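Read the structure below first, then the notes.
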Amino acid sequence: MNYRHHFHAGNFADVMKHILLRQLLLALQKKPKGFLYLETHAGRGEYDLAGAAAGDSLARQPEYPEGIGRLMDRTDLPAGIAEYVDFVKEFDRRAGNLKAALRFYPGSPWFARQLARPQDRLALCELQPAECAALRDGAGLALRVLVHEMDGYTALRAMLPPLERRALVLVDPPYEAADEYAQLVRALAAALRRFPSGVFAVWYPLTERARVDEFFAALRTLQPPPTLALELTIAGEYSAIKLRGCGLVIINPPWQFEREAEPLLRTLAQVLAQAPGGGVRLEWIARE
Ligand SMILES: C[S@@+](CC[C@H](N)C(=O)[O-])C[C@H]1O[C@@H](n2cnc3c(N)ncnc32)[C@H](O)[C@@H]1O
């Protein structure tokens, strides 16, 4: 397990994932009843961009300048993006940065923590001991936030259904294992059997279209509830950029979520483009 999110923190893929995550949390909070926010691959929660700023090799250069870096000074962003940028700035200040340039970028757990209401609960799973320890330190003592050093796929089986009978589950694996998709689909199948009404959001990289289409086909064999895929590409299919886009599969998306998400993604496609040919794609993998 070599993956370190460090060099990717704040890149275009994090921007897309964290903006949609905030929108999902806000959508679930339209109802007063509390819910479980379960994260299977939570990461360390806070990323020091100064550590990544120099890169450590040609292959590992910081990616945030082409992600959050492009949004920091803009004043023309729609609310769903502007609020995300404001939270990143506030997080950076609270983490101790007194300079104008961004230094500390929040991971997904802290977007959830920021929005959690007293009736909501967070369960954050991370397998890497050092990353998990950092996450636990950042979490401090909070009654409704539990950090678990464990395999996220085991958590999908063990922690569902939740007591609240409502949950938003974020699955954000590193995709470094050859059988990551197979593990993911098996774990989702088990989770859906236990808790078919949960909202599951699964991040995936767009390097090869065919690989993603196979993933969608595997999901269809589960006969899932309504399932939507939202994709952002920052470069066209024939570009030399390896990670030219990413997506979020949402099982049981909130009512008309695509209507809220699409304009935000269209803005991101414009602001974050790195080469011609990028854009936005919406696909229903399964409809009601
Ligand atoms: C993409 S990063 C997570 C980033 C985080 N969700 C965010 O948006 O801030 C993936 C994380 O999964 C962890 N990881 C790898 N395999 C895992 C597993 N089987 N279960 C739980 N965590 C795992 C890695 O150590 C890494 O921190």
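For the chain, what is the convex hull volume of its Cα atoms per residue in Å³?
128
For segment 128-202, which GluC sites (Glu not before Pro) pass both filters: DSSP loop (anything but H, G, I, E, B) and at most 13 other C-beta atoms within 10 Å? Let's see the in-between values first.
On the way: sites: 131, 149, 164, 176, 180; in loops: 149, 164, 176.
Answer in residue order: 164, 176.
No solvent, one uniform scatterer per C-alpha: report log10 I(q)/I(0) for segment 145-195 via the Debye equation at q = 0.18, 0.23, 0.29 1/Å, two decimals.
Cα-only, vacuum Debye calculation for segment 145-195: -0.61, -0.94, -1.30.
Thinking of segment 192-288 as a set of Cα atoms, what percent of all their pairs are more than 20 Å apart?
Of the Cα pairs, 39 percent sit more than 20 Å apart.
Which residue, 96, 107, 278, tops the fluctuation ranking in a GNM of the chain built on C-alpha contacts under 10 Å?
Looking only at 96, 107, 278, the biggest GNM fluctuation is shown by 96.
Based solely on its DSSP helices, what 222 nm [θ] is calculated for the chain when runs of n ≥ 4 H residues each add -39,500 (n - 2.57) and the sum is averaged over all residues, nearest 500 deg cm²/dmol?
Value at 222 nm, helices only: -11500 deg cm²/dmol.
Could you pull out the longest piece of the chain with no exposed loop trypsin sites (Lys or Arg not before Pro) in it, calling a site exposed if DSSP puts it outside H, G, I, E, B and it has at most 15 other Cβ atoms within 10 Å?
By the stated rule (loop sites, at most 15 other Cβ atoms within 10 Å), 166-241.
Which FRET efficiency, nearest 0.05, do residue 194 and residue 95 yield, Cβ-Cβ r, R0 25 Å?
Calculated transfer efficiency: 0.10.
Counting other beta carbons within 10 Å of each residue's own, what order do 271, 249 fall into, fewest first?
Lowest to highest Cβ neighbour count: 271, 249.
Ranking 154, 221, 227 by Cβ neighbours within 10 Å, fewest first, what do you get?
Ranked by crowding around the Cβ, least crowded first: 221, 154, 227.
Do you know the relative contact order of the chain, to the nearest whole percent, from alpha carbon pairs under 8 angstrom that are 6+ apart?
On the way: 493 pairs, mean separation 60.7, N = 288.
This gives 21 percent for the chain.
Compute the distance from the alpha-carbon center of segment 173-195 to that of segment 98-128, in whole Å.
Computed from Cα coordinates, the inter-centre distance equals 24 Å.
Would you calculate the separation in nanometres between label points at residue 287 and residue 31, each defined as 7 Å from the Cα along the Cα-to-beta-carbon direction?
Label-label distance for residue 287 and residue 31, simple model: 2.4 nm.
What's the longest uninterrupted piece of the chain once you rule out the chymotrypsin sites (Phe, Trp or Tyr not before Pro) that are loop residues per DSSP with at most 13 other Cβ within 10 Å?
Details: sites that count: 238, 255.
In short, 1-237.
Run the simple label-point estimate for residue 86 and residue 186 please: 7 Å along Cα→C-beta, distance reported in nm.
Placing both labels 7 Å beyond Cα along the Cβ direction yields 4.5 nm.
A short reminder: the numbers here are calculations on the coordinates, not readings from a lab. Everything numeric in this text was worked out from a predicted model, so none of it was measured. Heads up, the Cβs are rebuilt from the backbone with ideal geometry, glycines too, and the neighbour counts pull from every protein chain shown.
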